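Presented below is the structure to which this report refers.
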Amino acid sequence: MLLDGKVPAGSLKDKWDRHRFELKLVNPANKRKFDIIVVGTGLAGGSAAATLAELGYNVKSFCFQDSPRRAHSIAAQGGINAAKNYPNDGDSIWRLFYDTIKGGDFRAREANVYRLAQVSNNIIDHCVAQGIPFAREYGGLLANRSFGGAQVSRTFYARGQTGQQLLLGAYSSLMRQVAMGKVTMYPRREMLDLVLVKGHAKGIVVRNLINGQLERHAADAVVLATGGYGNVFFLSTNAMGSNVTAAYRAYLKGAFFANPCFTQIHPTCIPVHGTYQSKLTLMSESLRNDGRVWVPKKPGDTRPPHQIPESERDYYLERKYPSFGNLVPRDVASRNAKAQCDENKGVGDTRLAVYLDFEDAIKRDGKDVIARKYGNLFQMYEKITGEDPYTTPMMIYPAVHYTMGGLWVDYNLMSNVPGLFVIGEANFSDHGANRLGASALMQGLADGYFVLPYTIGGYLTSAPKLDLNTSQAEFEASEKATRERVDKLLGIQGKRTVDDFHRHLGLILWDHCGMSRNNAGLEKARGMIQELRDEFWKNVKVPGSAADFNQSLERAGRVADFLEFAELLLDDALARQESCGGHFNEAYQTEENEALRNDEDFCHVAAWEFKGHGQAPELHKEPLTFENVQLTQRSYK
Amino acid sequence: MSKSIHLTLKVWRQKGPQDKGYFETHQANDISTEMSFLEMLDVVNEQLSLEGKEPIAFDNDCREGICGMCGAVINGRPHGALKGTTLCQLHMRHFKDGDVIAIEPFRAMAFKVIKDLVVDRSPLEKIIQAGGYISVTTGGAQDANAIPVPQEKAELAMDAAQCIGCGACVAACPNASAMLFASAKISQMALLPQGRPEAARRAIAMVREMDAQGFGNCSNETECEAECPKEISITNIARLNREFFKAHFGSSIK
């Protein structure tokens, strides 16, 4: 079946403006008659909940942490892009649109990306009005800096903590609405099922994480802003609690999952330091402006870095890519680091790391200049590793960081399931096969502040207003199924812990579906995961009880879903017989080892439909047509 | 280079808010000094799980020092003894083989214990709900550069905005006051022009809510500043006091 993204007609520049006029409005006095559920309180969810409440809707906001301010958007470092062109260096809405489409390796929907660029300026205006302390120049105006993949300085930032400040801005707005009684906040609640009534998304079942009780919540529409699925790899830069459960449960109820194999691996993260490692920490991309990447030329060389003379060092990125050097795109840098370590040239205790050396930059510019640029990052590195990057090279290794795939949505950010809206990293739409730096923050806020509040009105005015109450059969069935699943997990009482299974799953995926994939490895991984999943349901040990605060039980449910979702990811990777962006199949590469796209056969979104456990999912394609940009081979020359 | 150390943990266990609670002793053996404190607790919990015992409950999420979810009192110090470090950033290389480590939840009348080391910090959220925001509706903002902000003020605002809402300041204070927390948000907004229209109402409302939630008063002990993992300065408290007095005596807000 061919999917229709419902992109409005007309010229690219006019689509969104026309659409907003054509969308039916909900009368201001009528908005209070509608209840909307928003799951997740990150940049997308927090901004959406606040804005919908400001408009007059009754909002129920859910998060699994103790407070909406804990969402993992808080950890984003780099900055947020916008097409303001304050630096007067040639930026424009069109250029931001073009850079994003190209950065996504021509696998994103044109109209969505143009809209993103269009509202980017409104986002900055609103953030400043909220009192977000962006960095400023001496004259008092906003500062800008450059970021990866762009030839203009379009990134706004708040030190190295931009995500934190943007999230706290949305959080403050959300708290204002809570105080006014327009948002009811439900923290420590995890969504475990989506409820459909007459085929429309009309509610959720959540588990209260303090007392274990299952709760039913009904609404006229459901919004999922539940983040990405990077933790399927166990080790990632995600928070410990980040998971795919809400999105996956929607998938099981009929929502299509698009492009799950488009996962982004960030090249500069602090390496794994042991088998007990729980997560990976990001070191901002900006470091590669001054650091030089190298490994010892000789395999198995365990000498400390200062004892390895220049002639015995391989600055492999500078050697292989003379014109881009250390600033090659993320996927290229990542794949090269892995290749060096595979050849036994890795450094550090685990031999899974490469050096990022600031010695030359410090000699050239002086320690003070480097400290001003990277101070907080160097400090963070030292806290974690105990080493001082001013006097010894940093050790870094690639890590799973972001997921471009997600639930399929149309131009209105609505899934194929009517009434189910998906925003932020949880949806697939704007980044194609590779996300550019500083654009995740832009997308989350665009969706929540400036897109969903309009498009949801279009649905609410056209959808049948059902008489909803949570004692209906559909809610009853959903709660029953959820309870059975929870009880089942607790009843197995096997011999392996949840974390042990999770770690194992992560290793399988990292080895066979990581930076570099091949058909044989993907098939092998699928078999291994099926085996692991079977063993999980026979041998997992979950201590404690259901009617209690039970973190092992929480993790068990999330890992159970990861064990199923992982197979969908592999199916998608196997179906996409080309290389593009974050999906690199070794069989399809150029002579220079770059991703080789197959635009004739694969210029589409791969959206998967659940057909039943044990059955293959059905593929639906949304053809991508590019009327405004020319498809080119990404080149680093 | 990593070493392997053995530690004795005295961990606070408490089944629920009404439970009395007690210290339980655990051995943490073969702990790599490269591990973080929470990874060390993970290892202890894995062992407890396999033995069919109840693992130690503790809040955590980002494990990068930015979400504010983790936190416990380690040998009497919230987040441990290392300056400017959250519990999740504390690594085992700062402990010696044979160390005895007492681990307790953040204690304050306003912070009810939920289970073991997990406490309810929603009273902090109530303070923000009372006024920790600028009343602006999405969509009407003017151009971001319309009002210049002096760079020094912007930097001070960012310093104050560092607060991660972990509650260590409350746990450190002998009076369990939340002044550093409240002053951080009030300062951020007081320093920026966008926050001025509501400055009076914000200061009075947030301080009032802080009192209502059961936090103590500030008597300038300054332990909050010493323990804050983001090194937020008590000059913010001084600023809050100024804002509060200005609002009380110089405005029509009651």
More than 10 Å from chain A (Cβ to nearest Cβ) and part of a helix (DSSP H, G or I), is that true of residue B:174? no
Looking at A:205, A:232, which one is modelled with pLDDT of 95 or more, touching a helix residue (DSSP H, G or I) at 6+ places or on another chain (Cβ under 7 Å), in a strand (DSSP E or B) and open to solvent by less than 10 Å² (accessible area, probe 1.4 Å)? A:205
Condition (residue is at pLDDT 95 or above, among the basic types (Lys, Arg) and open to solvent by less than 40 Å² (accessible area, probe 1.4 Å)) applied to region B:125-146: is it met by at least one residue? no
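In region B:168-185, what residues are in contact with a helix residue (DSSP H, G or I) (Cβ under 6 Å, 6 or more places away or on another chain) and either on the phi > 0 side of the Ramachandran plot or surrounded by fewer than 24 Cβ atoms within 10 Å (Cβ to Cβ) (or both)?
Taking region B:168-185 first, the residues in contact with a helix residue (DSSP H, G or I) (Cβ under 6 Å, 6 or more places away or on another chain) are B:168-169, B:172-173, B:176, B:178-184.
Of everything in region B:168-185, just one residue is in contact with a helix residue (DSSP H, G or I) (Cβ under 6 Å, 6 or more places away or on another chain) and either on the phi > 0 side of the Ramachandran plot or surrounded by fewer than 24 Cβ atoms within 10 Å (Cβ to Cβ) (or both), namely B:176.
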Within region B:127-146, which residues are more than 8 Å from every other protein chain (Cβ to nearest Cβ) and among the aliphatic types (A, V, I, L, M)? B:127, B:146
Just one of A:51, A:100 is of a type in the set (Ser, Thr, Tyr), within 12 Å of chain B (Cβ to nearest Cβ), crowded, with 24+ Cβ neighbours inside 10 Å and closer than 20 Å to residue A:426 by Cβ; which is it? A:51
Kindly evaluate residue B:36 against the criterion of being facing another protein chain (nearest Cβ under 8 Å), in contact with a Pro (Cβ under 6 Å, 6 or more places away or on another chain) and either closer than 23 Å to residue A:275 by Cβ or open to solvent by less than 10 Å² (accessible area, probe 1.4 Å) (or both). no
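Among the residues that make up region B:184-194, is at least one of them in a loop (DSSP other than H, G, I, E, B) and more than 19 Å from the chain's Cα centre (by Cα)?
Taking region B:184-194 first, the residues in a loop (DSSP other than H, G, I, E, B) are B:192.
Narrowing the set further to residues that are more than 19 Å from the chain's Cα centre (by Cα) leaves B:192.
Looking for residues that are in a loop (DSSP other than H, G, I, E, B) and more than 19 Å from the chain's Cα centre (by Cα), one finds at least one in region B:184-194, hence yes.
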Against the definition (part of a helix (DSSP H, G or I), away from chain B (no Cβ under 14 Å) and closer than 20 Å to residue A:453 by Cα), how does residue A:112 come out, yes or no? yes
Note on residue A:337: of the conditions (1) open to solvent by less than 20 Å² (accessible area, probe 1.4 Å); (2) part of a loop (DSSP other than H, G, I, E, B); (3) more than 14 Å from chain B (Cβ to nearest Cβ), unmet is (2)
So how many residues does region A:229-263 have that are within 14 Å of another protein chain (Cβ to nearest Cβ), under 12 Å from the mean Cα position of the chain (by Cα) and within 23 Å of residue A:207 (Cβ to Cβ)? 6
Any residue at all in region B:219-234 that's more than 23 Å from the chain's Cα centre (by Cα) and open to solvent by 60 Å² or more (accessible area, probe 1.4 Å)? no
Considering only region B:39-94, state which residues are farther than 22 Å from residue B:230 by Cα, more than 9 Å from chain A (Cβ to nearest Cβ) and either of a type in the set (A, V, I, L, M, F, W, C) or crowded, with 20+ Cβ neighbours inside 10 Å (or both). B:41, B:44, B:56
Which one is most open to solvent (accessible area, probe 1.4 Å) among residues in region A:118-141 that are assigned to a loop (DSSP other than H, G, I, E, B) and without any contact (Cβ under 8 Å) to a residue 12 or more places away in the chain? A:138
Filtering region A:273-302 down to residues that are charged (D, E, K, R) and either at pLDDT below 90 or surrounded by 19 or more Cβ atoms within 10 Å (Cβ to Cβ) (or both) yields A:279, A:285, A:288, A:290, A:292
Within region B:147-155, does at least one residue satisfy the condition of being out of contact with any helix residue (DSSP H, G or I) (no Cβ under 6 Å at 6 or more places or on another chain), in contact (Cβ under 8 Å) with a residue 12 or more places away in the chain and either not hydroxyl-bearing (Ser, Thr, Tyr) or not in a loop (DSSP other than H, G, I, E, B) (or both)? yes
Is it fair to say residue A:311 is in contact (Cβ under 8 Å) with a residue 40 or more places away in the chain, among the hydroxyl-bearing types (Ser, Thr, Tyr) and either part of a helix (DSSP H, G or I) or open to solvent by 10 Å² or more (accessible area, probe 1.4 Å) (or both)? no
Of the residues that make up region A:66-87, is at least one surrounded by fewer than 24 Cβ atoms within 10 Å (Cβ to Cβ), away from chain B (no Cβ under 14 Å) and in contact (Cβ under 8 Å) with a residue 60 or more places away in the chain? no
In region A:491-509, anything away from chain B (no Cβ under 14 Å) and in contact with a helix residue (DSSP H, G or I) (Cβ under 8 Å, 6 or more places away or on another chain) is listed as A:505, A:506, A:508, A:509
Is it true that some residue in region A:363-386 is assigned to a loop (DSSP other than H, G, I, E, B) and over 22 Å from the mean Cα position of the chain (by Cα)? yes
Residue tally, condition over 19 Å from the mean Cα position of the chain (by Cα) and in a helix (DSSP H, G or I), over region A:425-464: 11
Among the residues in region A:485-503, are any among the β-branched types (Val, Ile, Thr), farther than 30 Å from residue A:412 by Cα and not in a helix (DSSP H, G or I)? yes
Take the residues in region A:569-579 that are crowded, with 21+ Cβ neighbours inside 10 Å and either assigned to a helix (DSSP H, G or I) or touching a Pro at 6+ places or on another chain (Cβ under 7 Å) (or both); name whichever of them is nearest to the other protein chains (Cβ to nearest Cβ). A:569
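Answer with yes or no whether residue B:134 is touching a helix residue (DSSP H, G or I) at 6+ places or on another chain (Cβ under 6 Å) and assigned to a loop (DSSP other than H, G, I, E, B).
So residue B:134 passes the test.
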What pairs can you find where one residue is in region B:234-251 and of a type in the set (S, T, N, Q), the other is assigned to a helix (DSSP H, G or I) and open to solvent by 20 Å² or more (accessible area, probe 1.4 Å), and their Cβ atoms are less than 7 Å apart, with a gap of 6+ or different chains? B:251/B:200
The condition from (1) farther than 24 Å from residue A:399 by Cβ; (2) modelled with pLDDT of 95 or more that residue A:591 misses is numbered (2)
In region A:144-177, which residues are part of a loop (DSSP other than H, G, I, E, B), more than 10 Å from every other protein chain (Cβ to nearest Cβ) and more than 20 Å from the chain's Cα centre (by Cα)? A:144, A:146, A:150, A:151, A:152, A:153, A:154
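The values are calculated or read from the model by the stated rules, or taken from the named source; none is laboratory data. These numbers come from a predicted model, not from an experiment. Every residue, glycine among them, receives a Cβ derived from its backbone with ideal geometry; neighbour counts consider all protein chains shown. To get the accessible areas, we keep the full protein, side chains included, count just its heavy atoms, and leave off ligands, DNA and RNA. Shrake-Rupley method; radii C 1.70, N 1.55, O 1.52, S 1.80 Å.
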